[in-house]
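Engineer: Just dropping this structure here.
Just so it is clear, none of the values below were taken in a lab; they were calculated from the coordinates. Everything quoted here is computed from the prediction, not taken from an experiment. Glycine also receives a Cβ, built like all others from the backbone with ideal geometry; neighbour counts cover every protein chain displayed.
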Amino acid sequence: MSANQCEIRVLDDDPQVLASVERLLATHTLPVRTFATVEEFFAAGPPEVPACLLLDQHLGPAKGTEVHAAIQARGWHLPTIFLTADSDVHIVVDALRGGADNYLTKPYAPAELIAAIERCLEQARQHWEQKRGNDEFIRRAATLTERERNIVRFVLGGLLNKEIADRLGIALVTVKVHRGRAMRKLGSRNPAELAHRAAQVGLTPLA
């Protein structure tokens, strides 16, 4: 696992904890970025690679649960492990209900922490793969010509190729060519897939 494939962020106001976690992750060749303040953490911006966060609950005047809520409000995908000395059951419940992926207490067991990190990184990788696929689909859909978009809409409206040709005043073979191109751009192999993909990019039936 190389530095350009993932990132572990650690937010804790205890420099000894930051140093300890950094040493542990270094032995597993896991890239890490540490932050001692909430301001510093948010100033770094969202991660640009699959990443996860180790988050303390007590961060001066701020609470980890509040920071986690702020991360979600910003739309950052950052699977989070609470790593804190606070084992209060109410805080644990609040953190997990708020979407945290795990809650570990200090002093932590290194093997348990590494296993939790690996699970979060796998989740992050899957998210990034899905996002890349969605971005590519949107890019290809944006290349649809006006004619291709209209033909797709007629198909969604239940018209046959011959009916579409008559409606547009073009040859049947031309309809087939444009329809085939549109289906390839939308990654569709049949009318059902075409309907699903078209809905994703806002194409509505045209009768």
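Engineer: If I model a spin label at residue 23 and residue 145 as a point 7 Å from the Cα along the Cα→Cβ vector, what separation in nanometres do I get?
Structural biologist: 6.6
Engineer: Between residue 70 and residue 127, how many nm apart are label points set 7 Å from Cα along the C-beta direction?
Structural biologist: Simple spin-label model gives 1.8 nm for this pair.
Engineer: Sticking with this structure for a sec: Rank 53, 194, 96 by mean-square fluctuation in a GNM of the chain with C-alpha springs under 10 angstrom and give only the top-ranked residue.
Structural biologist: Greatest mean-square fluctuation among the candidates belongs to 194.
Engineer: Taking the chain as a Gaussian network, where each spring joins two C-alpha atoms under 10 Å apart, which residue of 92, 173, 67 fluctuates the most?
Structural biologist: Per the Cα network of the chain with a 10 Å cutoff, 173 tops the list.
Engineer: Got the relative contact order for the chain handy, in percent, Cα pairs under 8 Å and 6 or more residues apart? Spell out each step's value before the answer.
Structural biologist: Details: 265 pairs, mean separation 31.2, N = 207.
Result for the chain is 15 percent.
Engineer: Another question, if that's okay. Restrict the search to segment 15-95; then list the chymotrypsin sites (Phe, Trp or Tyr not before Pro) that DSSP places in a loop and that have at most 16 other Cβ atoms within 10 Å of their Cβ. Display every interim value, and only then the final one.
Structural biologist: On the way: sites: 35, 41, 42, 76, 82; in loops: 76.
Hits after loop and neighbour filter: 76.
Engineer: Quick test of your reading: applying the under-4.7 Å Cβ rule, which cysteines of the chain are isolated?
Structural biologist: 6, each lacking another Cys Cβ under 4.7 Å.
Engineer: Give the separation of the Cα centroids, segment 118-160 to segment 1-52, in Å.
Structural biologist: Cα centroid to Cα centroid, the span is 33 Å.
Engineer: Using the crude model of +1 on Lys and Arg Cβ and -1 on Asp and Glu Cβ, and no other charge, please compute the dipole size for segment 7-139 relative to its Cα centre, in debye to 20. Could the numbers behind the result be given before it?
Structural biologist: Working: 12 positive and 20 negative charges, 67 e Å.
For segment 7-139, the charge dipole is close to 320 debye.
Engineer: Going by alpha carbons, how many degrees (0 to 90, nearest 10) lie between the helix axis of 146-156 and the longest principal axis of the chain?
Structural biologist: In the chain, helix 146-156 runs at an angle near 90 degrees to the longest axis.
Engineer: Give the residue from 102, 126, 73 lying farthest towards the positive end of the charge dipole for the chain; charges sit on Cβ (+1 for Lys and Arg, -1 for Asp and Glu) and the dipole is referred to the Cα centre.
Structural biologist: Farthest towards the positive pole: 126.
Engineer: May I ask you to derive the FRET efficiency for residue 37 and residue 134 from their Cβ-Cβ distance with R0 = 41 Å, giving the value to the nearest 0.05? Display every interim value, and only then the final one.
Structural biologist: Numbers: r = 34 Å, r/R0 = 0.83.
After rounding to 0.05, the efficiency reads 0.75.
Engineer: Dipole magnitude of segment 69-186 about its Cα centre, charges +1 at Lys/Arg Cβ and -1 at Asp/Glu Cβ only, in debye to the nearest 20? Walk me through the intermediate numbers first.
Structural biologist: Details: 19 positive and 14 negative charges, 232 e Å.
Dipole size: approximately 1120 debye.
Engineer: Using the number of other C-beta atoms within 10 angstrom as an exposure proxy, rank 28, 90 with the fewest first. Provide the component values of the computation, followed by the final result.
Structural biologist: Details: 28 13, 90 8.
Fewest to most other Cβ atoms nearby, the residues stand as 90, 28.
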